[in-house]
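Here is the structure we will look at.
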Amino acid sequence: MARIGVISDTHGCASSWKKAIEIWKDVDFIIHCGDVLYHGPSNKIPENYDTLELPHLINSSKVPVLIAQGNCDSRADQQVLNWPIISPYVFAWWKKRIVLATHGVNFTRTREDVEKFKPDIVFTGHTHVASINSEKGTIFLNPGSASLPKGRDPASVALVEQENISIITLDGVVLHQQKWDFEDSVHGAE
């Protein structure tokens, strides 16, 4: 079964990563939409803030971890992570579909890039608010924040499968779900 684990805005919270791994089970790879280790100057320090354990957990992942650079990620973070985070964009080719991930700081720019690259699905973070939307044949997914949620939803991650896209709380409750007609994706290659 083809699956992608999607997480964003862990902000140094190791327990969030552990819970996400339990929710995702077996995935092809993990996409982190940025703000991995540092809590940032405008956020409170999350519970279980552990910038020593979280890099260890990420580095020991049995599947690739693709990380888009967030506004709180620095070069110092890269020194402790084995997976590169130097790029604001991650592109992946997954089951004949184009995946684009970015932190989402400049959503206007993200929309322009969607027009240019025509991805099937776009993952963003930054807002700490979970959402799934479709626009002109592209699905936009924000998994919410795994450590510092804003809005009404609790901390969450996402699971992308060939049939469904789900946003799931760290307690395993499905918050939002959308069917995805994977085979009939508008932008996917044949």
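Tell me the label-point distance for the pair Gln79, Arg3, using the 7 Å Cα-to-Cβ offset, in nm and rounded to one decimal.
Calculated label separation equals 3.7 nm.
With +1 assigned to the C-beta of every Lys and Arg and -1 to the C-beta of every Asp and Glu, and no other charges, what is the dipole magnitude of the stretch 3-182 about the Cα centre in debye, to the nearest 20?
In total the dipole reaches around 300 debye.
I'd like the FRET efficiency for Phe91 and His56, computed as 1/(1 + (r/R0)^6) with the beta carbon distance as r and R0 of 41 Å, rounded to 0.05.
0.90
For all pairs of alpha-carbon atoms in the stretch 3-182, what percent lies in each bin of width 5 Å, listed from the first bin to the last filled one?
Each 5 Å bin holds this share of Cα pairs: 1, 9, 20, 24, 22, 15, 7, 2, 0.
Each label point is 7 Å from the Cα along the Cα-to-Cβ direction; what then is the distance between the points at Glu47 and Ser131, in nm?
2.7
Would you mind checking Lys95/Lys136; Lys18/Lys150; Lys116/Lys136; Lys136/Lys179 for any pair whose Cα atoms are more than 18 angstrom apart?
Beyond 18 Å: Lys95/Lys136; Lys18/Lys150.
Of Trp94, Gly70, Leu54, whose Cα points farthest to the positive end of the dipole of the stretch 3-182 (charges on the beta-carbon: +1 Lys, Arg; -1 Asp, Glu; origin at the Cα centre)?
Final value for the positive-end residue is Trp94.
If each DSSP helix of 4+ residues adds -39,500 (n - 2.57) and the sum is divided by the residues in the chain, what number results at 222 nm, nearest 500 deg cm²/dmol?
One gets -5000 deg cm²/dmol as the mean residue ellipticity at 222 nm.
Have a look at Val80, Ile139, Ser166 and report the one farthest towards the positive end of the charge dipole of the chain, computed about the Cα centre with Cβ charges (Lys/Arg +1, Asp/Glu -1).
Result: Val80, furthest along the dipole toward the positive end.
Amide H of Asn164: which non-local residues (sequence gap of 5 or more, or other chain) have their own amide H closer than 5 Å, using H built in the peptide plane?
Residues meeting the criterion, in which the H sits 1.01 Å from N, are Trp180.
Loop-only check: which trypsin sites (Lys or Arg not before Pro) in the stretch 1-36 are DSSP coil with at most 16 other Cβ within 10 angstrom?
Taking the stretch 1-36 and a limit of 16 other Cβ atoms within 10 Å, the loop trypsin sites (Lys or Arg not before Pro) found are Lys25.
Test of the criteria: in the stretch 97-147, which trypsin sites (Lys or Arg not before Pro) are in a DSSP loop and have at most 11 other Cβ atoms within 10 angstrom of their Cβ?
Within the stretch 97-147, the qualifying trypsin sites (Lys or Arg not before Pro) (loop, at most 11 other Cβ atoms within 10 Å) are Lys136.
Counting other beta carbons within 10 Å of each Cβ, put Val157, Val105 in order, fewest first.
The order, fewest Cβ neighbours first, is Val105, Val157.
Every number in this text was worked out from the coordinates using simple rules, so none of it is lab data. What you see is a predicted model; the values in this text were computed from it and never measured. Because the Cβ atoms are built from the backbone with ideal geometry, glycine has one as well, and the counts that use them run over all protein chains shown.
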